[in-house]
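Chemist: For reference, the structure I am asking about is given below.
The values are calculated or read from the model by the stated rules, or taken from the named source; none is laboratory data. Just so you know, these numbers come straight off a predicted model, no measurement behind them. Methodologically, a virtual Cβ is constructed for each residue, glycine included, from the backbone with ideal geometry; neighbour enumeration extends over all protein chains shown.
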Amino acid sequence: MNRRKKITLIVVIALFIIIIALFPSIRRVFSPSDEGKPVAGAPAGSVRRTLNVNAMIMGYGNLEDKANIVGILFPDEEVDLAFEISGMITDIHFREGSYVREGELLAKVNDRPLQAELRKLEAQLPLAQNRVSRQQQLLARQAVSQESVESVNTELEKLKADIEYTKARIAQTELRAPFDGLIGFRNVSEGAYASPSVVISRLAKIDPLKLQFSLNQNEAGLVEPGQTVEYTLNDETYTATIYAVEPIVERGTLTRAARAIVPNPGGRIQPGRSVSTLFNLRDMEDALLIPAISMVAEMGQDVVYVYRGGVAVQTPVMKGMRTASSVQIVQGLQKGDTLITSGVMQLRNGMEVVINNLAGSTQVQETE
């Protein structure tokens, strides 16, 4: 009985192995599809399998190469205000956070000693002028030498220079606005002793503003003064004009800074904010653009599938600029080619395809 069971078990196992070995051949016999049949004109190893796809007719369009980076807004002019000389602050004339005009008196330190010195010098001026006049009259009668006249003239000029110097020192006791702008908080009070190292307040000119952003070394060569840029702030888009680009690439970041002028009437935009900046690097006409999803990488090479004679033909391509959704093709395709745009991951070279939807090419794309 045990011998019969063993023989039966061996026979069952042998039949099971034979069935597994012959299963692919049995499947091809009973399968209603045409898989396994070679495709006419296709490379060896290609098989027939029909796939429904979408496609587009290749055509030339315009490609706008744009860069989108973050920029910083800052005042057109900004300065820390301080006195040129030391002294006790006697007057503060500005209100914190107010708008001041160029030349407006903001604060003053004690100038009474200098005022006294000025009056003393000015009192000597008429006498010095009379001396010069008398010496010139005597010289005309040859009563004095030319050297005597020159000596009193020199004394007069020295006195005038001392007067001008004292007036300049008095002007240094006054702190005036160097330009129109908004003044910030004051850091001192009346009666405090001020020196050139003491910052009284900060003045900023906020109309216009400056927008600064950094470009990589490839983008920087395409930007020049006079170009316009767009920036977005609070969901609103504004326009600025580039006026300068740094001439040297920074070694650490390999970028170059650029600045643009931002009109800011009424000071509606506050400096110090970051904004999204978009500017056009270049426009390219007659560019061949394909959807990014229609290109795949195989064996380290970019390939697409072109519809020809009812089959998908694998075509190597060379890409140029790339956008978020499109790729520029610089080699491998031409105008009029029918590019397969869907089911790319399922396609194989020589596979039969049926086009469900045929579209034209995209005419204008923007890079980011």
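Chemist: So in segment 129-178, with the set limited to residues that are modelled with pLDDT of 95 or more and not in a helix (DSSP H, G or I), which one is surrounded by the fewest Cβ atoms within 10 Å (Cβ to Cβ)?
Modeler: 178
Chemist: Right, here's the next one. State whether the residues of segment 267-277 include one that is of a type in the set (S, T, N, Q), assigned to a strand (DSSP E or B) and loosely packed, with under 13 Cβ neighbours inside 10 Å. Outline the logic, then answer.
Modeler: Narrowing segment 267-277 to residues of a type in the set (S, T, N, Q): 270, 274, 276-277.
Next, from what is left, pick out any that are assigned to a strand (DSSP E or B): 274, 276-277.
Filter once more, so that each one left must be loosely packed, with under 13 Cβ neighbours inside 10 Å: 274.
Yes - at least one qualifying residue is present in segment 267-277.
Chemist: While we're looking at this one, here's another question. Would you check which residues across segment 305-331 are among the polar types (S, T, N, Q), surrounded by fewer than 14 Cβ atoms within 10 Å (Cβ to Cβ) and outside any strand (DSSP E or B) and list them? So that I can check it myself, show each step before the final result.
Modeler: Within segment 305-331, the first condition is being among the polar types (S, T, N, Q), and the residues that meet it are 314-315, 323, 325-326, 328, 331.
Filter again for surrounded by fewer than 14 Cβ atoms within 10 Å (Cβ to Cβ), leaving 325, 331.
Of everything in segment 305-331, just one residue is among the polar types (S, T, N, Q), surrounded by fewer than 14 Cβ atoms within 10 Å (Cβ to Cβ) and outside any strand (DSSP E or B), namely 325.
Chemist: Please verify whether residue 71 is closer than 30 Å to residue 315 by Cα, among the small types (Gly, Ala, Ser) and buried (at least 17 other Cβ atoms within 10 Å of the Cβ), treating the condition exactly as stated. Don't jump to the end; show me each part of the working.
Modeler: Numbers: closer than 30 Å to residue 315 by Cα: no; among the small types (Gly, Ala, Ser): yes; buried (at least 17 other Cβ atoms within 10 Å of the Cβ): yes.
It is false that residue 71 is closer than 30 Å to residue 315 by Cα, among the small types (Gly, Ala, Ser) and buried (at least 17 other Cβ atoms within 10 Å of the Cβ).
Chemist: What single numbered condition from (1) part of a strand (DSSP E or B); (2) in contact with a Ser or Thr (Cβ under 9 Å, 6 or more places away or on another chain); (3) surrounded by fewer than 18 Cβ atoms within 10 Å (Cβ to Cβ) fails to hold for residue 229?
Modeler: Only one criterion in (1) part of a strand (DSSP E or B); (2) in contact with a Ser or Thr (Cβ under 9 Å, 6 or more places away or on another chain); (3) surrounded by fewer than 18 Cβ atoms within 10 Å (Cβ to Cβ) is unmet by residue 229, namely (3).
Chemist: Okay, next question. Can you tell me which residue among 298, 285 is within 34 Å of the chain's Cα centre (by Cα), at negative phi and charged (D, E, K, R)?
Modeler: Working: 298 fails: within 34 Å of the chain's Cα centre (by Cα).
Going through 298, 285 in turn, the sole match is 285.
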